[in-house]
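Participant: Below is one structure. I have some questions about it.
Coordinate-derived values only; no laboratory data. For clarity, every value in this text was computed on a predicted model and none was experimentally measured. Because the Cβ atoms are built from the backbone with ideal geometry, glycine has one as well, and the counts that use them run over all protein chains shown.
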Amino acid sequence: MREKIEKKTETLLEDDNFFLVDVLISGGVSNQKIKVLVDGDQGITIDDCARISRSLSAWFDEEDLFADKYTLEVSSPGVEHPLKLTRQYKKNIGRNIKVIMQDGSQQEGLLKSVSDNAIVIEKTLKKKEKQTVEMPFENIDKVKVLISFKRDG
């Protein structure tokens, strides 16, 4: 079911700017919740999400995918969702991130670059010294963007 929804969603993304991040299905047979996370290299608008939602909902009904009622939510992944795709990492270069490694250790820093195999962050040490650290994706468990609420003046 998840793969069918992924394939259909990818056909609904109008241009190469948009991409599918994830499809999450939860709930019981009689009340399924389908959450489709989409994003764009320059972000995605509410109107884009609504258009995709209407198209998916019509397709669900056409194909009779759900015997009982379902809830469909199409949105961009919020800050609570970890980064998953290389495109998401690239979009967030220059932002502060929190990296949780496979061994449970954590590091925070500024995302400087992304390759197919690793990310590079810049950490600020004591006395404002900077340290650059490369982290292979195979050693990373989860990465989240940190939101700053600093006020000027």
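Participant: Would you check which residues across region 113-126 are in contact with a Gly (Cβ under 8 Å, 6 or more places away or on another chain) and either free of Cβ contacts under 8 Å to residues at least 24 places away in the same chain or over 20 Å from S148 (Cα atoms) (or both) and list them?
Facilitator: Taking region 113-126 first, the residues in contact with a Gly (Cβ under 8 Å, 6 or more places away or on another chain) are 121-124.
Correct list: E122, K123, T124.
Participant: For region 120-132, indicate whether the set of residues that are in a loop (DSSP other than H, G, I, E, B), of a type outside the set (G, A, S) and in contact with a helix residue (DSSP H, G or I) (Cβ under 7 Å, 6 or more places away or on another chain) is non-empty.
Facilitator: no
Participant: Residues in region 58-77: is at least one crowded, with 16+ Cβ neighbours inside 10 Å and under 24 Å from S113 (Cβ atoms)?
Facilitator: The answer is yes, given that some residue of region 58-77 is crowded, with 16+ Cβ neighbours inside 10 Å and under 24 Å from S113 (Cβ atoms).
Participant: While we're looking at this one, here's another question. Kindly indicate whether V114 is surrounded by 16 or more Cβ atoms within 10 Å (Cβ to Cβ), more than 16 Å from V21 (Cα to Cα), in contact with a helix residue (DSSP H, G or I) (Cβ under 6 Å, 6 or more places away or on another chain) and among the aliphatic types (A, V, I, L, M).
Facilitator: Yes.
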